[in-house]
1. With the condition kept exactly as written, say whether any residue in the range 146-168 is assigned by TED's automatic domain parsing to the domain that holds residue 244, under 28 Å from the mean Cα position of the chain (by Cα) and of a type in the set (Val, Ile, Thr).
2. Hey, does the range 118-131 have a residue that's of a type in the set (S, T, N, Q), in contact with a strand residue (DSSP E or B) (Cβ under 9 Å, 6 or more places away or on another chain) and at pLDDT 95 or above?
3. What is the one condition in (1) touching a residue at least 40 places away in the same chain (Cβ under 8 Å); (2) farther than 16 Å from residue 272 by Cα that residue 219 does not satisfy?
4. When the residues of the range 176-190 are narrowed to those that are under 16 Å from residue 263 (Cα atoms) and aliphatic (A, V, I, L, M), which ends up surrounded by the fewest Cβ atoms within 10 Å (Cβ to Cβ)?
5. Go through 103, 110 for me and flag whichever is of a type in the set (D, E, K, R) and out of contact with any strand residue (DSSP E or B) (no Cβ under 8 Å at 6 or more places or on another chain).
6. Take the range 221-243 and flag every residue that is more than 22 Å from residue 148 (Cα to Cα) and assigned to a loop (DSSP other than H, G, I, E, B).
7. Scan 176, 159, 142, 207 and give me the residue that is at pLDDT below 95 and within 23 Å of residue 274 (Cβ to Cβ).
8. Considering the range 251-278 alone, what residues qualify as being hydroxyl-bearing (Ser, Thr, Tyr), touching a Ser or Thr at 6+ places or on another chain (Cβ under 8 Å) and farther than 21 Å from residue 213 by Cβ?
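The values are calculated or read from the model by the stated rules, or taken from the named source; none is laboratory data. Note that this is a predicted model, so its numbers are computed, not measured. Note that we place each Cβ from the backbone using ideal geometry, even for glycine, and neighbour counts take in every protein chain shown.
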Amino acid sequence: MAYIGREPQIGNFQVCDAISTVNNQAAYTMQVGSVNVSPESANHMIVSLNGVIQKPTDAFTVSGSTITFASNLVTGDVINFIQILGNVLDLGVPSDSTVSIAKLTATGTKNSTTFLRGDNTFAVPPLGGITEADQWRQTADTSVSSSNFFTSNWERNDTVFDKIGTGMSQSSGIFTFPSTGIWLVSFNAMAAGAASDYISAKIRITTNNSSYSVRAEGYQNTVAAQDYVGMSSNVIVDVSDTSNVKVKFEGDSGNTISYKGNTNVNYTWSNFIRLGNT
């Protein structure tokens, strides 16, 4: 039959030469063919003393080629035989490409699509690429005086893209993440206002489902009245709790301005992309 590693040596059982006991002596030298032999341990021997098989380590011990009985032998004691059972099996190092998957005891499915983890389980490697991506836009123009949140006219992009994964949920302009993780959030806007007007696009985030703070802002200054300008802002968010970490968007200006929206074109929109685990 085949072996993993080096083939074991079998049939190496040996019976020691006869040993004459000496009164009040416990230690004796073991030989085979008048040559000293050294068993691997007491557990690799069968020893008969006065017709009784002796218990290894309790009735006798071995060190090298010396067997030492638990008590001194006396005149009349007979060592019937000492049989050495052979050496400890040493399989050595398996040769390359000799251990098949079937020989491994790890749990899980073993095939060409899985890998062996450090906890001794087979697992499917994580898929590469993005697992969550979503895009929302304003469907109509929104008039903003000073500072206002975009609470309505939101829709998911449904023209050239839907979403990857579960996608965001939205209620009155507040966006909730579908899962924890590290997320990239961006807000892009196109707006027109008075000449030399300050226009911004802000991302506000809450981590307690209550108070929202500005975490990113992009802005532009108009040149002439009703000239459209574009601006963008983005932030990476650690979403450790989907119940408390949420996002909403804000427009801001010194005067009344109009943020452009459309049901077919992204003029004012937001992106949500999950980058990895939290």
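1. Residues of the range 146-168 assigned by TED's automatic domain parsing to the domain that holds residue 244: 146-168.
Restricting the remaining residues to those that are under 28 Å from the mean Cα position of the chain (by Cα) gives 163-168.
Those left that are additionally of a type in the set (Val, Ile, Thr): 164, 166.
Yes, the conditions are met somewhere in the range 146-168.
2. Step one: list which residues in the range 118-131 are of a type in the set (S, T, N, Q), which gives 120-121, 131.
Then keep just the ones that are in contact with a strand residue (DSSP E or B) (Cβ under 9 Å, 6 or more places away or on another chain); that gives 120-121, 131.
Then drop every residue that is not at pLDDT 95 or above, which leaves none.
No, the conditions are met nowhere in the range 118-131.
3. (1)
4. Step one: list which residues in the range 176-190 are under 16 Å from residue 263 (Cα atoms), which gives 188-190.
Those left that are additionally aliphatic (A, V, I, L, M): 189-190.
Values: 189: 29, 190: 23.
Among those that are under 16 Å from residue 263 (Cα atoms) and aliphatic (A, V, I, L, M), it is 190.
5. 103
6. Residues of the range 221-243 that are more than 22 Å from residue 148 (Cα to Cα), as a first pass: 223-224, 236-243.
Passing the criteria: 223, 224, 240, 241, 242, 243.
7. Working: 176 fails: at pLDDT below 95; 142 fails: within 23 Å of residue 274 (Cβ to Cβ); 207 fails: at pLDDT below 95.
Step by step, each of 176, 159, 142, 207 is checked, and only 159 is at pLDDT below 95 and within 23 Å of residue 274 (Cβ to Cβ).
8. So the first thing to find is which residues in the range 251-278 are hydroxyl-bearing (Ser, Thr, Tyr), and the list is 253, 256, 258-259, 263, 267-268, 270, 278.
Still in the list and also touching a Ser or Thr at 6+ places or on another chain (Cβ under 8 Å): 253, 256, 258-259, 263, 268, 270, 278.
Across the range 251-278, the qualifying residues are 256, 258, 259, 263, 268.
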